[in-house]
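Undergrad: Below you will find the structure I want to go over with you.
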Amino acid sequence: MPTRITVLISGRGSNLAALLAAQARGALGGGRIVRVIANLPHAGGLDIATGSGVPTCVVDHRDYAQRADFDAALADAIAADAPDLVVLAGFMRVLGPAFIDRFAGRMLNIHPSLLPAFPGLHTHRRALAEGVRVHGCTVHFVTADVDVGPIVAQAAVPVHDADDETRLAARVLAAEHVLLPKAVAWYCAGRLAIVGRRVHLMGDRVPHETALLSPDA
Ligand code: GRF
């Protein structure tokens, strides 16, 4: 039985495309994306999903006056497919505690910084402003606090003197496209265990598995 995955998006969907590419080459740990859900009807990633034959739906947050009502509608839309894993791949809405509880331990997020540095928005701009020499991205389990849950994996990239926000974002995004499919594959293969605040990667590792990445080293 494949691990059923629902992917949540808000925008262009390049991380979704990376997941679909990994699935197509059998590199998603036996995972299968069963639906893509967007909170905006014009999210570019919806076309990417459709182009790959993956069913989509839209739960538009603007249709709900209360955040909790949006959360409930989104949770019901997800639950209809009975996924084993929910992946937030550029999903730009904060989800409330009732939603998080419903999918606790089976929801992953990709965040464009080396957490706990730069939670929230505009991570590349803030990294440049702070003068950090190393930046990157993080895949973590989602918990009630935003951008705080147990870290599955991180990928680091250098910050160059000539970088602007666009150039740095592109370098981090390329790392995201490697990191997210790898972390999802580990989850789908049953290799992740949350122990306290840490995530352990189970099973034998091959050297390239953790190159540039830091699951529980
Ligand atoms: C990514 O940088 C992700 O980390 C952030 O939003 C961006 C989404 O990009 N949360 P895409 O929609 O996957 O292209």
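The values are calculated or read from the model by the stated rules, or taken from the named source; none is laboratory data. It should be emphasised that the depicted structure is a prediction, and the values quoted were computed from it without experimental measurement. Glycine also receives a Cβ, built like all others from the backbone with ideal geometry; neighbour counts cover every protein chain displayed. The area values use the complete protein model at the heavy-atom level, side chains included, leaving out ligands, DNA and RNA. Shrake-Rupley method; radii C 1.70, N 1.55, O 1.52, S 1.80 Å.
Undergrad: Scale the Cα Rg of the chain by the rule-of-thumb value 2.2 N^0.38 Å and send over the ratio, two decimals.
TA: Dividing the Cα radius of gyration by 2.2 N^0.38 Å gives 0.98.
Undergrad: Here is a follow-up. Sorted by accessible area (1.4 Å probe), largest first, how do THR50, THR3 line up?
TA: THR50, THR3
Undergrad: What accessible area per residue comes out for the chain, rounded to a whole number of Å², with a 1.4 Å probe?
TA: 47 Å²
Undergrad: Taking 22 Å as R0, compute the FRET efficiency from the Cβ-Cβ separation of ARG12 and ARG32 and round it to 0.05.
TA: The computed FRET efficiency comes out at 0.45.
Undergrad: Calculate the length of the line joining the C-alpha centroid of the stretch 162-210 to that of the stretch 110-161, in whole Å.
TA: If you average the Cα positions of each part, the centres end up 12 Å apart.
Undergrad: Computed over the Cα atoms of the stretch 95-143, what is the convex hull's projected area averaged over all directions, in nm²?
TA: 3.5 nm²
Undergrad: If amide H atoms are built 1.01 Å from N in the plane of the peptide, which residues on other chains or at least 5 residues away come under 5 Å of the amide H of VAL199?
TA: It is ILE151, by chain and number.
Undergrad: Moving on. Provide the per-residue ³J(HN,Hα) series for the stretch 184-189, in order, calculated from phi with Karplus coefficients 6.51, -1.76, 1.60 and θ = phi - 60°, each as a whole number of Hz, with x at glycine and proline positions.
TA: Whole-Hz 3J(HN,Hα) from phi for the stretch 184-189: 5, 4, 4, 4, 5, 7.
Undergrad: When a/c is below 1.5 the answer is rounded, else prolate if a/b is larger than b/c, else oblate, so apply that to the stretch 112-205 with a ≥ b ≥ c taken from the square roots of the Cα gyration tensor eigenvalues.
TA: prolate
Undergrad: Nearest-5 percent of antiparallel DSSP beta bridges in the chain?
TA: Antiparallel: roughly 45 percent of the beta bridges in the chain.
Undergrad: How long are the three semi-axes of the equivalent ellipsoid for the stretch 1-124, computed from the Cα gyration tensor as the root of 5 times each eigenvalue, in whole Å, largest first?
TA: 21, 18, 15
Undergrad: How high is the FRET efficiency between ALA65 and ALA104 when r is their beta carbon distance and R₀ equals 22 Å, given to the nearest 0.05?
TA: 0.25
Undergrad: Thinking of the stretch 61-144 as a set of Cα atoms, what percent of all their pairs are more than 15 Å apart?
TA: 63 percent
Undergrad: Okay, moving on. Given the rule -39500 (n - 2.57) for each run of at least 4 DSSP H residues, summed and divided by the residues of the chain, what is its mean residue ellipticity at 222 nm, to the nearest 500 deg cm²/dmol?
TA: Result for the chain: -10000 deg cm²/dmol, rounded to the nearest 500.
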